[in-house]
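Participant: First the structure, which I've put down as structure tokens, then a few questions once you've had a look.
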Amino acid sequence: AERLEAERLAAEKAEAERLEAERLEAERSRGPAPVQFSFWCAAGSVSLAGSFNGWDSQASPMQREGDHWTLSLPLSPGVYQYKYVVDGDWRVSPDHPTQVDSDGNTNNCIEVKE
């Protein structure tokens, strides 16, 4: 009876591990998760430039709702630095964490977790 109980427990554990592996694989196969960026300012245009788009000031234009600018970007897990480009001027948001890069520039930063 003990052997049967041990076999049953081993089978349950193996099934739980299989289900967890399937769940993790499904999560990975969904791809990068959407990350929301938000910036408040009166401006004609705002875009997001950072390590996720080669610091291209025109690659990620933000959408405007009054003085509220938003953008959703699919980002894989990792740490990214970025700035807001407001009417051509590169700015850091005081509302988000910052980091100083190897060139001495202060940038906003975000860590995308799995």
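The values are calculated or read from the model by the stated rules, or taken from the named source; none is laboratory data. Quick caveat, the model's predicted, so the values are computed rather than measured. Positions of Cβ are backbone-derived with ideal geometry, glycine not excepted, and every protein chain shown enters the neighbour counts. Ligands, DNA and RNA are excluded from the accessible area calculation, which covers all protein heavy atoms including side chains. Shrake-Rupley method; radii C 1.70, N 1.55, O 1.52, S 1.80 Å.
Participant: With n ≥ 4 as the cut-off for DSSP H runs, can you work out [θ] at 222 nm for the chain, using -39500 (n - 2.57) per run divided by the number of residues, rounded to the nearest 500?
Facilitator: Values: 1 runs with 28 residues, N = 114.
For the chain, the value works out to -9000 deg cm²/dmol.
Participant: Mind running the shape call on segment 1-83? Use the C-alpha gyration tensor, a ≥ b ≥ c as the square roots of the eigenvalues: rounded below 1.5 for a/c, prolate if a/b tops b/c, oblate otherwise.
Facilitator: prolate
Participant: Please turn the phi angles of segment 92-97 into ³J(HN,Hα) values with the Karplus equation 6.51 cos²θ - 1.76 cosθ + 1.60 (θ = phi - 60°), one per residue in order, whole Hz, x for glycine and proline.
Facilitator: 9, 7, x, 8, 10, x
Participant: Collect residues whose amide H, placed 1.01 Å from N in the peptide plane, falls under 5 Å from the amide H of PHE52; neighbours closer than 5 in sequence don't count.
Facilitator: Under 5 Å from the amide H of PHE52 lie the amide H atoms of GLN81, each far enough along the sequence or on another chain.
Participant: Roll a 1.4 angstrom probe over the protein heavy atoms and tell me the percent of accessible area of the chain that is carbon or sulfur.
Facilitator: Roughly 52 percent, rounded to a whole number.
Participant: Here's another thing I want to ask about it. GNM on the chain, C-alpha springs below 10 Å: top fluctuator among SER76, SER57, SER45?
Facilitator: Ranking SER76, SER57, SER45 by mean-square fluctuation puts SER45 first.
Participant: How would SER93, SER51 rank on accessible area, largest to smallest, probe 1.4 Å?
Facilitator: Order by accessible area, largest first: SER51, SER93.
Participant: Please give the FRET efficiency for ALA10 paired with SER51, using the beta carbon to beta carbon distance and R0 = 41 Å, rounded to the nearest 0.05.
Facilitator: In this case the efficiency is close to 0.35.
Participant: Can you put ASP87, ASP103 in order of accessible area, largest first, using a 1.4 Å probe?
Facilitator: ASP103, ASP87
Participant: Kindly list the residues of segment 73-93 that lie in the label zone of CYS41, defined by a backbone N under 19 Å from the point 7 Å along the Cα-to-C-beta vector.
Facilitator: Zone members listed by number: 73, 81-93.
Participant: Additional query: Counting only heavy atoms of the protein chains, get the accessible area per residue of segment 27-114 (1.4 Å probe) and round it to a whole Å² value.
Facilitator: That works out to 60 Å² per residue.
Participant: For a quick check, take a GNM of the chain with Cα springs below 10 Å and name the residue from ALA11, ALA42, ALA33 with the largest mean-square fluctuation.
Facilitator: ALA11
Participant: Here's a follow-up. Shape call for segment 56-114 from the C-alpha gyration tensor, a ≥ b ≥ c root eigenvalues: rounded (a/c under 1.5), prolate (a/b greater than b/c) or oblate?
Facilitator: oblate
Participant: Using 0.36 nm per residue, how much length does the chain from THR106 to GLU2 gain when fully extended, once their Cα-Cα distance is taken away?
Facilitator: 31.1 nm
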